[in-house]
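Only one structure is covered here, and it is reproduced in the block below.
The values are calculated or read from the model by the stated rules, or taken from the named source; none is laboratory data. Small disclaimer: the values here were computed from a predicted structure and weren't measured. No Cβ is skipped: glycine too gets one built from the backbone with ideal geometry, and neighbour counts run over all protein chains shown. To get the accessible areas, we keep the full protein, side chains included, count just its heavy atoms, and leave off ligands, DNA and RNA. Shrake-Rupley method; radii C 1.70, N 1.55, O 1.52, S 1.80 Å.
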Amino acid sequence: MLAAMPPSRATSMNPGESPIRDRIRDRGDACPGALRLHRADDGALARLRLPAGLLTSRQASVLADAAERLADGYLSVTSRGNVELRGLDENCGAELSALLAEAGLLPSAPHERVRNIVASPLAGLDGLGHADVQLWARELDGLLCAEAWTTALSGRFLFALDDGRGDVAGLGGDVTLIAESGGVAGAGGAPGA
């Protein structure tokens, strides 16, 4: 089903000219990951994908320890619910990956940059949504990590799972599922559209 839903493409303002979004995506995937550190002015940066933004207390403690020992002491949360460590020494990659793997934060090294899954944060907690899309996020993460072809997805490819309240449907996901009454999902657009 996912292969049948291609990402939407920006349209060009001038005939024959490639849109900016396409030019940027065509230059290759430079997205940082937990295993692919990115050089920044303040040192290396690691971005850890947390499907649906979920962490156990132990995993949060491991991340805090990694930030203190290997980075600038801070954890940043991205708009997609991922965690960034900044100010890393460029030679700490092996130690960082070992810490993350031991804490269960890297279920599959080849898939670590394609696990971009945003889900309604209150799903299953306040009774307002149509489905607990946090459960869908865990299942989707397992499916992504089980397939070799998914490693070809860009580190920017986003799955958005909205529980029907419309809180993540507008994030511009490459694949967006919106829960409807009865716990089924519809694809695309905003709820009620």
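Summary of computed values
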{"item": "Index of the failed condition, Asn91 passing every other in (1) farther than 15 Å from Arg49 by Cα; (2) crowded, with 21+ Cβ neighbours inside 10 Å; (3) polar (S, T, N, Q)", "result": "(2)"}
{"item": "Selected residue (criterion: nearest to Leu106 (Cα to Cα)) from residues of the range 150-183 that are without any contact (Cβ under 8 Å) to a residue 24 or more places away in the chain and out of contact with any helix residue (DSSP H, G or I) (no Cβ under 7 Å at 6 or more places or on another chain)", "result": "Ala152"}
{"item": "Selection count, the range 94-125, where residues are open to solvent by 60 Å² or more (accessible area, probe 1.4 Å) and part of a loop (DSSP other than H, G, I, E, B)", "result": "4"}
{"item": "Residue satisfying all of: in the range 126-141; within 13 Å of Gly164 (Cβ to Cβ) and either of a type in the set (Phe, Trp, Tyr) or in contact (Cβ under 8 Å) with a residue 24 or more places away in the chain (or both); least open to solvent (accessible area, probe 1.4 Å) among these", "result": "Val133"}
{"item": "Selection count, the range 74-88, where residues are assigned to a loop (DSSP other than H, G, I, E, B) and open to solvent by less than 30 Å² (accessible area, probe 1.4 Å)", "result": "2"}
{"item": "Residues (at pLDDT below 90 and over 20 Å from the mean Cα position of the chain (by Cα)) located in the range 40-75", "result": "Ala40, Asp41, Asp42, Gly43"}
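Listed here are the residues, each with its yes/no results for (1) under 21 Å from Pro121 (Cβ atoms); (2) of a type in the set (D, E, K, R).
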| site | (1), (2) |
| --- | --- |
| Leu55 | yes, no |
| Arg58 | yes, yes |
| Val62 | no, no |
| Leu70 | no, no |
| Val77 | yes, no |
| Arg80 | yes, yes |
| Val83 | yes, no |
| Arg86 | no, yes |
